[in-house]
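Asker: Just passing along the structure, written as structure tokens.
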Amino acid sequence: MPTSVSLFKLLVPLAGFFSVVSTPAFAQATLAKVKKQGYVMCGVTGDLAGFSATDAKGQVQGIDADLCRAVAAAVGVEARFKPLNATTRFTALQSGEVDVLTRNTTWSLSRDTKLAFDFPVVNYYDGQGFMVSKALKVTSAKGLDGASICVQSGTTTELNLTEYFKVNKMKFKPVVFANFNDANKAYAAGRCDAYTTDASGLAAIRSSLKVPGDHLILPEIISKEPLGPATRHGDNVWTDVVRWTFFALVTAEEKGLTKANVKSQATNADPEVQRLVGAQGTLGADMGLDKNWAVNAIAAVGNWAEIFDRHLGASTPLKIERGLNRLWNKGGLLYSPPFN
């Protein structure tokens with residue numbers, strides 16, 4: 001009969017073995033799957049302006065949609081989109097129905113652990129706020145005591161809302177909707193006094209209202225909402241592809257590489273740029289990609305500033321300031337590790 005020590009030595013490797021074989025096969029081989037099927041299936045909202053909304057031509061537009069396109073271009077396949085609501089998004093990712101979730105999803109500890117997701121990067125730093133009709137004559141969230149508030153279920157927004165009112169010793173009446181569009185319609189119809197979601201989402205919703213100027217986004221931000229793509233645990237290679245594609249877009253902004261000029265940078269004097277565009281080193285091959293992976297991603301959608309300006313910036317109906325979403329050397333939080 002083995003001793004306790006020898007038994008421990010026997011069981012530890014077996015535990016590791018069973019933990020590996022119990023991981024779904026798709027969760028370990030998404031890159032190979034994507035290459036074989038010829039497309040990346042991205043889970044999106046499909047109806048959130050600035051992030052992923054379907055335009056009049058049936059094309060999904062927004063910063064999340066463009067991140068999906070960049071990943072697809074890096075791999076050398078096409079991008080496809082599957083609209084998901086706040087609840088079905090997690091099941092779709094866990095089951096392999098989508099390859100990556102690019103759907104303004106907040107990175108939290110429970111989602112990282114209990115749901116077994118990886119959040120490769122934060123592509124938008126946000127926070128939860130409130131919007132009201134100016135006719136309500138409320139200028140601060142502290143004036144919402146007793147208010148009815150529209151909120152979407154299956155989101156971190158619900159918990160933040162409850163905790164904020166509890167801490168401030170106020171009461172509210174939740175008006176809960178599973179569907180994003182239903183919540184928007186309810187607010188527009190006056191079924192609730194206020195609407196709460198991420199501040200960027202409020203800007204998008206306000207821009208779609210009949211008279212946007214009749215509505216006020218209150219100044220309080222009551223939470224941290226680091227939004228980003230999600231992948232499945234156990235698929236490190238695929239997670240690396242998503243992570244470093246985003247960092248390529250950020251570094252491109254920092255280095256002055258654009259959609260228009262990126263293909264002419266092979267002789268750039270900056271060694272990091274040469275590695276990024278595949279003129280030196282093996283960064284692409286190290287991830288199982290072509291040497292031009294980053295060039296293809298940037299050429300497809302532009303650098304991160306181009307993407308932000310196109311979908312969220314001053315020339316759009318949303319007119320969102322970059323704020324925390326500026327580069328690190330311009331007062332923001334966007335910071336890419338080095339390409340070496």
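Asker: Could you figure out which of (1) of a type in the set (Ser, Thr, Tyr); (2) under 20 Å from residue 219 (Cβ atoms); (3) within 19 Å of the chain's Cα centre (by Cα) isn't true of residue 195?
Answerer: (3)
Asker: Now for a different question. Please find, within segment 66-105, the residue that is modelled with the lowest pLDDT out of those that are buried (at least 22 other Cβ atoms within 10 Å of the Cβ) and assigned to a strand (DSSP E or B).
Answerer: 104
Asker: Right, next: If we only count strands (runs of 3 or more DSSP E) wholly inside segment 106-178, which ones have 3 or more residues that are modelled with pLDDT of 95 or more and surrounded by 19 or more Cβ atoms within 10 Å (Cβ to Cβ)? Break it down stepwise before answering.
Answerer: Values: elements: 124-126, 128-133, 147-152, 172-177.
In segment 106-178, the matching strands (runs of 3 or more DSSP E) lie at 124-126, 128-133, 147-152.
Asker: Output the residue which, of all residues in segment 296-340 that are out of contact with any Lys or Arg (no Cβ under 9 Å at 6 or more places or on another chain) and polar (S, T, N, Q), is most open to solvent (accessible area, probe 1.4 Å).
Answerer: 315
Asker: Please specify each residue of segment 234-282 satisfying the condition of being surrounded by 21 or more Cβ atoms within 10 Å (Cβ to Cβ), assigned to a helix (DSSP H, G or I) and more than 25 Å from the chain's Cα centre (by Cα).
Answerer: Within segment 234-282, just 273 meets the criteria.
Asker: Considering only segment 205-248, how many residues are over 17 Å from residue 107 (Cα atoms) and polar (S, T, N, Q)?
Answerer: 4
Asker: Taking the condition of being open to solvent by less than 60 Å² (accessible area, probe 1.4 Å) and either out of contact with any Phe, Trp or Tyr (no Cβ under 8 Å at 6 or more places or on another chain) or part of a helix (DSSP H, G or I) (or both), how many residues in segment 283-295 meet it?
Answerer: The total comes to 8.
Asker: State whether the residues of segment 201-214 include one that is in the same structural domain as residue 134 (by TED's automatic domain parsing), in contact (Cβ under 8 Å) with a residue 24 or more places away in the chain, buried (at least 21 other Cβ atoms within 10 Å of the Cβ) and in a strand (DSSP E or B).
Answerer: Within segment 201-214, none of the residues are in the same structural domain as residue 134 (by TED's automatic domain parsing), in contact (Cβ under 8 Å) with a residue 24 or more places away in the chain, buried (at least 21 other Cβ atoms within 10 Å of the Cβ) and in a strand (DSSP E or B).
Asker: So, one more: Please find, among 202, 216, 276, the residue that is under 25 Å from residue 313 (Cβ atoms) and out of contact with any helix residue (DSSP H, G or I) (no Cβ under 6 Å at 6 or more places or on another chain).
Answerer: It is 202.
The values are calculated or read from the model by the stated rules, or taken from the named source; none is laboratory data. Computed from a predicted structure; not experimentally measured. Reconstructed Cβ throughout: ideal geometry from the backbone, glycine too, with neighbour counts over all protein chains shown. These area figures cover heavy atoms from the full protein model, side chains too; ligands, DNA and RNA do not enter into them. Shrake-Rupley method; radii C 1.70, N 1.55, O 1.52, S 1.80 Å.
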